[in-house]
1. To the nearest 10 degrees, how steep is helix B:8-40 against the longest Cα principal axis of chain B, on a 0 to 90 scale?
2. Would you calculate, for chain A, the mean residue ellipticity at 222 nm contributed by helices, counting each DSSP H stretch of 4 or more residues as -39,500 (n - 2.57) and dividing by all residues, to the nearest 500?
3. Roughly how many Å is it from the Cα centre of region B:1-41 to that of region A:99-164, as a whole number?
4. Please grab the % of Cα pairs in the protein assembly as shown that end up more than 40 Å from each other.
5. Just from its helices, what would the mean residue ellipticity at 222 nm be for chain B, if runs of 4 or more DSSP H residues each count -39500 (n - 2.57) and the sum is divided by every residue, rounded to the nearest 500 deg cm²/dmol?
6. Using the basic label-point model (7 angstrom from Cα toward the beta carbon), what is the residue A:71 to residue A:191 distance in nanometres?
7. Among rounded, prolate and oblate, which fits region A:196-243 when a ≥ b ≥ c are the square roots of the eigenvalues of its C-alpha gyration tensor, a/c under 1.5 means rounded, and a/b larger than b/c means prolate?
8. Please order B:99, B:65, A:37, B:133 by the number of other Cβ within 10 Å, starting at the fewest.
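Bear in mind that the values in this text are calculations on the coordinates, not laboratory data. All of these numbers come straight from a predicted model, not from anything done at the bench. Cβ atoms come from the backbone with ideal geometry, glycine included; neighbour counts cover every protein chain shown.
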């Protein structure tokens, strides 16, 4: 992490000013924290009886089982999204017009609507069409509907970013279309897109929490239930939030370590900026070409 | 599909609220994002840390968790806002982290030599930033910022459901139950969101391609 290169290095007076500013900021941060904590304490939110449900092992087990369900829906949704996404990417790059149009229409539509809407549709609408699959599959369908479209765009970007010489060479040695895809194009494209894929999988896991809205008892829903039961909604939520934050922070860091020093694709409306920004490929996001690392 | 025609007013009202909610949240997000980006490149280590913590927290917390935490937590510290305002704050703070990273990464795409050259010819800080760095950085930020705005429109549905703001998603949910025709109602909602976002997607991609350059 460096400061902007367009700042002049500070002289003695500048350094002085920086020290003063640091102290002022520190005081401000401490003051805000103290006020917030005191207000919470005044309202009795920090009293031990608000928290003592967490002294019970059964509550933690309830949470952990909820988190296992978060992972379950995330894993099934992730596998389905990746598979369907690869199919859609091939479809969008296909030579046949009907296939290409169908895949394009799906991708453009499903990445443009809120994931909650897809979940609600699966939960409220599908039973009317004779397909009552329950909360788990409603969550999975919602996750897959949106994320398959996003993964398709990630795969397509990876395939298109490959130098044309690769497919030309595959053609030249006589590989057929699918052979060239299977042995030349896809392996390289996938490797280049690993950071984006990993980061989108983390986004998918985060979105699993939306299952709480369709009564899927994952971690967040279970926190709500615990909060109502123990009459301390804030405390129950805070514990769940900490849980989410720690796990996803860790996963984001893992995803970032996958980042190799490759040019990242242009962040346009095709691939959500969040995906690319979270890979920490920050320096290259939005650049049309690889940029020399500063310094 | 009569159910859509019969409730057209509800859809149109919902679309208006979704647009208004997204617009206000984006303004807040850009303000916060600007601050976060400034913090992250500041010469003060403490500010850089604060900026990084802000970004990490909002990259690690699912939006719905943040919305509910806000909903239950803020009244407890004596801050009570109407639902719409709460939704704007939730979306703005959440999206601010994204905007901050987009701004920072956009500034990072400008080679350091540009800033150094500007300083060498004697430009002052604001001149360096306003005349040399930002004009170049902004061109590469169109794609990411547009993408963030579109994500914000989608995310507004989550915040609205959590806070009971009568946007497109919330009204559709109510309508799906009250009319007992969820398939028709939610299909209408799907189309309504497409009308809101697909032209935006096209516009962002066109602008991003028009203004990008290769170094």
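1. 20
2. Helices in chain A give a 222 nm mean residue ellipticity of -22500 deg cm²/dmol.
3. Between the Cα centre of region B:1-41 and that of region A:99-164, the gap is 22 Å.
4. 25
5. Taken over chain B, the calculation gives -27500 deg cm²/dmol.
6. Each label point lies 7 Å from its Cα, and together they span 3.0 nm.
7. Oblate, because a/c is 1.5 or more while a/b does not exceed b/c.
8. A:37, B:133, B:65, B:99
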